[in-house]
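The values are calculated or read from the model by the stated rules, or taken from the named source; none is laboratory data. Not measured: the values here are computed from a predicted model. Neighbour counts run over all protein chains shown; Cβ positions are idealised from the backbone, glycine included. Accessible surface areas use protein heavy atoms only, side chains included; no ligands, DNA or RNA. Shrake-Rupley method; radii C 1.70, N 1.55, O 1.52, S 1.80 Å.
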Amino acid sequence: MSNKYFAYGAIGAALAVALGAFGAHGLKDTLSEDMLEVYETGVRYHMYHAIGLMLVALLADRIGDVKLVRVGARLLIAGIILFSGSLYVLALSDVKILGAITPLGGVAFLAGWGCIAAAALRARKKA
């Protein structure tokens, strides 16, 4: 489990760098200041959670391949797609209804981190 999710996190981080560079260089003259800020928020949370996913993979190496860690990692990936993805599309298309998807990604992030915290606390009690 850990190698796979570490790789997903590294790929996600590379994508966040590429999307951030695209935003900084390719979109600065295209998007309004507000929409560029929306796009940058997507990139920022994308990177945070890609790095988080790599840390979760390291945690799995330490406490074992437990279901809560796997579920948490999958929720982080879902959060990146829903939260950051909706912000990218919102900024590029200016279709405001897409903003309704963003909170679902935030809920996925929160649920993912909750699962990971529960897994870590359970492992600590067993040690």
Carbon-plus-sulfur fraction of the accessible area of the stretch 1-78, 1.4 Å probe, in percent?
60 percent
Just how far, in whole angstrom, is the stretch 105-124 from the stretch 38-83 if you go by their alpha carbon centroids?
10 Å
Check: in the chain the Lys pairs 8 or more apart or on separate chains whose Cα atoms fall under 24 Å apart number 4
Tell me the per residue accessible area of the chain using a 1.4 Å probe; a whole number in Å² is fine.
57 Å²
Tell me, what is the FRET efficiency for residue 1 and residue 121 to the nearest 0.05, using R0 = 22 angstrom and their Cβ-Cβ distance as r?
0.70
If I model a spin label at residue 110 and residue 11 as a point 7 Å from the Cα along the Cα→Cβ vector, what separation in nanometres do I get?
2.9 nm
Report the relative contact order of the chain, percent, no decimals, based on alpha-carbon pairs under 8 angstrom and at least 6 residues apart.
29 percent
Take each uninterrupted DSSP H stretch in the chain, measure its Cα extent along the helix axis, and return the ones at 20 Å or beyond whose mean Kyte-Doolittle hydropathy is at least 0.5.
2-21, 102-126
